[in-house]
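The values are calculated or read from the model by the stated rules, or taken from the named source; none is laboratory data. Everything numeric in this text was worked out from a predicted model, so none of it was measured. Note: ideal-geometry Cβ built from the backbone for every residue, glycine included; neighbour counts use all protein chains shown. We work out accessible area using only protein heavy atoms, side chains counted, and drop any ligands, DNA or RNA first. Shrake-Rupley method; radii C 1.70, N 1.55, O 1.52, S 1.80 Å.
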Amino acid sequence: IVAFPPGGVADITGRPTAAAMEKVLKQPVAVVNRPGAAGAVGNAAVANAKPDGYTILMALSSISVIPAADELFNRKPAYSLDQFAPIALISADPTILVTHPSLPVTSVKELVALARSKPNDLVFSSSGIYGALHMPMEMFIHAAKIKMRHLPTPGGGPAITALLGGHVMLTAGGPAAISAHVKAGKMRPIASWGAERHASYPAIPTFKELGYKDVEYYIWAGMFAPRGTPDSVMKVLRDAARRAVQEPEFRNAMAKVDSLVAYKDAPDFQKYWEADAKRLAALVKVVGKVEEKK
C-alpha cells in the first residue's frame, strides 16, 4: 500500500522496491495507491489489515505526524504508531525548496524579501495538512517570520503538478519527486532542508548555511507491516527488503531520481523512527492548529 497518489516520493520509491522484492520472493508484489488525508487513509488501512504479511505499507515520515495532529485537535486518531511493525528503512532525503521558474527569485534571501513585501500573496502546495511537504514549509515560514498561503493536495504528485501548472509558486519536494522536473528546467531549486548539501544539488545551500539553525527536515520512506505479524513472516519480509535494496535495477532506479538509499533493518529502523517521531510530534505543537479552508 502506498498512501499517496502516483508521482510522490512514496510511490516513486515503492514501485522499484516492489519490483525488486518480486525477484527475491518469486511472486507478484502489487502496488496499490490508497491516498487521502495526507496519508492517513492508506496508513490506517495497513494498521488495521490482517497481520499475515500480505499487506504492507510504504510509508513516509508523515506517518508519525498524523497521530500527533489528531491529538492536537482532540479527535479520534486514525491509527496509533504502535499498530505498525517496522520492516526496513529504504531511503532518506532532505526536502528541497523549489520555485516556479516565473517567480522572480533565485535565493532564499530574495524569496523572504518578496514574501515580506507581499504578505500572504505567495502560495505553496503540499501533500496535505501536516503532511511530509507541509511540515518543512511551516518550519521555514516560522523561522523566516513570513506569511504565505497554503494549498494542500492529496499527495506529493499533485503538489508537484500544482507547481508545474503555475497554480502555486513554490513547494517542498523530495529529490525523487522533483528530479526530472528540475533537470527539464520546469522548477528551480533554491535551498535544502538537509544538514549537509545534497550530493545531486551541490550548488544549493542548506537552510542551516543560510542562518536558519533549526530548519532541518528529511522525507524518508520505509516499510511497515501490521503489528502482530508473526516473527517468521517478518523475517521473510526483512530478508526480502535487505536483498531488494541490493538489486542493481533498484539502485539504478533510485539513482535516476537522485534519491539516497539509506537502508536500515528493523531494529535500527525502529530506533531511527522513534527519534524522528518524537521530533516531529514536537514540531506539530510548534506549528499549532492548521485548519483546512473550505
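Here are the numbers for this structure:
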item	result
Qualifying residue in the stretch 184-192 (condition: without any contact (Cβ under 8 Å) to a residue 12 or more places away in the chain and under 16 Å from A92 (Cα atoms))	no
Among the candidates Y79, Y54, residue that is over 16 Å from the mean Cα position of the chain (by Cα) and open to solvent by 50 Å² or more (accessible area, probe 1.4 Å)	Y54
Pairs where the first residue, in the stretch 202-218, is more than 11 Å from V108 (Cα to Cα) and at pLDDT 90 or above and the second is open to solvent by less than 60 Å² (accessible area, probe 1.4 Å) and basic (K, R), C-beta under 8 Å, 6+ apart	none
Filtered residue count, the stretch 59-96, keeping only those that are out of contact with any Ser or Thr (no Cβ under 8 Å at 6 or more places or on another chain) and outside any strand (DSSP E or B)	20
Which listed residue is touching a residue at least 40 places away in the same chain (Cβ under 8 Å) and farther than 22 Å from T17 by Cβ, from V236, V257, V245, V287	V287
Residues that are touching a Ser or Thr at 6+ places or on another chain (Cβ under 6 Å) and over 30 Å from A44 (Cα atoms), drawn from the stretch 200-240	I204, T206
Residues located in the stretch 171-193, provided they are within 19 Å of P119 (Cα to Cα) and part of a helix (DSSP H, G or I)	none
